[in-house]
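Here is the structure we will look at.
The values are calculated or read from the model by the stated rules, or taken from the named source; none is laboratory data. Given the structure is predicted, the values throughout are model-derived calculations rather than measurements. Every residue, glycine among them, receives a Cβ derived from its backbone with ideal geometry; neighbour counts consider all protein chains shown. With ligands, DNA and RNA removed, areas are computed over all heavy atoms of the protein, side chains included. Shrake-Rupley method; radii C 1.70, N 1.55, O 1.52, S 1.80 Å.
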Amino acid sequence: MTSNQTARPPSAVIARLAAPLVGYFFIQSAASLAGLAVVGRLGEAALAGVGAGGALYGVLLSLMFGVDAGVQAIVSRNTGAGRTGTLGAVLAEAWTISLPLGALLAAVLWTVAPGALAAMLPDPSAAADGAAYVRGIAPSLVLIAVTLPINACWIGSGRPALTLGVTLLLAPVQVLATVLLAPAVGAGGAGAAVSVASLIGVVLSLALASRSIPGLLRTRPSGRGVATIAVLGWPISLQQALLQLGLMVAFIIVARLGTAATATINVLVSLSTAPIQTAVGLGTAAATLVGQSLGRGRPAEARLWGWRTALGGVAVTAPLGLIALLAPGPLLSLFLHDPATVAAGLLPARIMGATVVIDTAGRILCFALRGAGATRLGAGLPFAAQWLGQLPLMAVLGVGLGWGVMGVVIAQGSVALVEGIVTALIWAGPWWTRVRIGPRPEPSPAEIPGRIAVLGGAGSGKSTLARRLAALGGGPVTHLDRLIFGPDWVFNPLPQVRAQVAAVAAGEAWIIEGTWPQVSDLILPRADLVLWIDQPAWLRLWRAWRKMRLGRIGARADRPDGCQDSFGWAYAGEILRFGAWSPALEQQLRAACGGRLLRLKGDRAVARFLKAMAPAATSPGKAIKPAPCPIAAST
């Protein structure tokens with residue numbers, strides 16, 4: 001997104017990006033509903049079989065959605081940072097994963113479908129129709145493996161109109177093929193129609209991509225790029241596969257209520273695709289906007305895009321919910337032709353319409369989390385909602401208590417309400433704004449800074465890091481505890497301490513270790529580099545206790561003379577209260593620092609930092625001081 005676009009009103013920016021996406025998903029939904037209407041004329045058994053077969057197909061297709069999420073997150077972040085020349089390489093890396101995966105999934109679907117559907121559906125005719133449907137649609141998995149990353153690349157770079165254009169051409173083809181094939185060959189024709197449309201989609205997408213994506217088919221994939229997509233995408237693939245598997249389990253539960261109930265649920269699920277696909281379109285736009293804002297280093301802007309897009313989704317889908325709430329009969333009659341079955345679905349359709357708004361907002365914010373790179377969180381919430389909430393409630397209310405389709409819909413709606421609230425609370429928090437994409441940047445190895453302040457909570461490893469930096473050729477180490485405390489941990493007079501710290505800080509080369517607000521104004525403005533070691537509280541507790549047990553006897557470089565360590569409730573409470581990284585702490589440190597601030601999260605980050613400093617210590621012309629750990633005097 002360019003600077004001119006960011007100057008537009010937020011609603012215009014969202015509409016420009018989301019409108020093609022909403023149109024894309026809406027057209028897909030309309031094509032599916034048109035195909036379902038054709039299948040409905042084949043009878044309730046065909047409807048039930050296609051619904052169950054579609055659920056099985058969805059489980060396997062969703063395993064490729066991680067590639068889509070990973071590509072979009074990387075492309076949107078790179079676009080925001082102005083690195084558009086990398087798109088061809090990202091696409092090559094995505095195909096390295098998606099093409100073998102698509103071929104494998106198509107083979108699995110073709111092989112396991114008949115047996116799986118026979119186990120899912122008690123009605124043999126419904127199982128046969130479902131098997132014919134999935135065998136007709138199975139080749140589309142290979143074809144979608146080609147087009148899915150292309151669409152993600154277009155969407156992530158802010159060009160969803162290309163995706164919409166291809167879909168506008170393909171949707172009539174799919175509907176026409178369904179109208180021609182389904183009456184002639186049955187449910188299998190509806191599946192084959194999807195494969196025919198997917199084949200044409202490959203040709204169109206590659207033709208457009210060759211002109212719109214720099215470096216397409218001219219860049220070799222890198223192992224690191226493939227790994228990055230895989231790391232970002234596997235939570236989404238797993239979550240989407242489990243969601244689709246949950247839908248399959250739901251069909252198994254509903255199948256116990258009879259073929260008519262299964263057909264009704266299939267229709268209700270299909271009708272819900274219009275608002276769901278609208279939410280997906282807006283959510284995909286939110287993911288792009290959030291990723292681009294984070295790529296520009298603007299987390300507050302990213303948060304606003306999430307909220308604004310969620311509100312826009314509520315406004316768009318509320319009328320769709322009202323239609324289902326106020327006029328469910330005409331909707332159901334388009335697909336169901338038994339008056340008793342239609343009557344049984346009226347109240348469930350109304351309940352579904354009433355929960356559309358909250359479901360939309362929750363889905364959009366989950367997509368926004370994906371755009372931030374928080375794919376595990378964005379995947380975990382829907383998974384927990386379905387497997388820990390919806391499915392158990394559906395089994396209890398729908399089958400156990402005998403509420404039938406009504407119980408199934410109540411379970412879905414109530415859990416969607418809770419999920420939406422929880423997702424909104426998480427989006428209001430700070431964690432997702434700090435997620436990195438790709439390899440962590442390493443400190444420059446050009447030179448060990450002359451003045452380094454090492455901060456962190458008790459037990460975080462400050463003294464150890466200070467000694468290692470000194471061994472690499474840094475300045476002499478000053479442990480603040482030796483200046484601040486006298487024997488038996490008695491505080492030295494503050495004027496004396498400040499005078500000693502000021503004398504050390506006036507030097508041109510030093511490493512000062514310790515976190516004491518009373519003297520930070522003398523240290524931080526002079527430091528070339530401020531390091532904060534961020535360790536989890538449990539690890540700091542363990543290390544503080546271990547240091548006390550192992551180092552009680554004898555002198556220690558970082559402990560004042562005449563002092564012995566102890567570990568009690570008061571000390572443990574201090575460790576738990578202080579030492580964690582937070583946005584407020586970062587703001588305070590940045591305001592006080594005169595040089596660079598670097599957060600080292602965990603032992604791996606500390607090791608990477610020391611590794612980056614090592615070349616500076618051994619570079620030609622740079623002498624390494626042989627002293628292992630000079631200590632400032634405490635008197």
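Listed values, structure above:
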{"read-out": "Centroid-to-centroid separation of region 76-131 and region 265-281 [C-alpha atoms, Å]", "value": "20"}
{"read-out": "Segments 376-387, 326-337 sorted - mean Cβ within 10 Å per residue, highest first", "value": "376-387, 326-337"}
{"read-out": "Rounded Å value of the spacing that divides the Cα centres of region 351-369 and region 183-203", "value": "31"}
{"read-out": "Shape category assigned to region 244-299 from the gyration tensor of Cα positions, a/c cut at 1.5", "value": "prolate"}
{"read-out": "Region 294-335-region 445-488 distance, computed between alpha-carbon centres (Å)", "value": "53"}
{"read-out": "Gyration tensor (alpha-carbon) shape descriptor, region 176-326, a/c threshold 1.5", "value": "oblate"}
{"read-out": "Rg and Dmax [Cα atoms of region 154-252; Å; Rg one decimal, Dmax integer]", "value": "17.9, 49"}
{"read-out": "Ordering of 365-375, 219-229, 522-532 by burial proxy (mean other Cβ atoms within 10 Å per residue, highest first)", "value": "365-375, 522-532, 219-229"}
{"read-out": "Kirkwood Rh, Cα atoms: Rg over Rh of region 293-332", "value": "1.35"}
{"read-out": "For region 97-227: Kirkwood Rh in Å [reciprocal of mean 1/r, alpha carbons]", "value": "16.3"}
{"read-out": "Accessible area in the full protein assembly, largest first, 1.4 Å probe, for 65, 491, 485, 609", "value": "491, 65, 485, 609"}
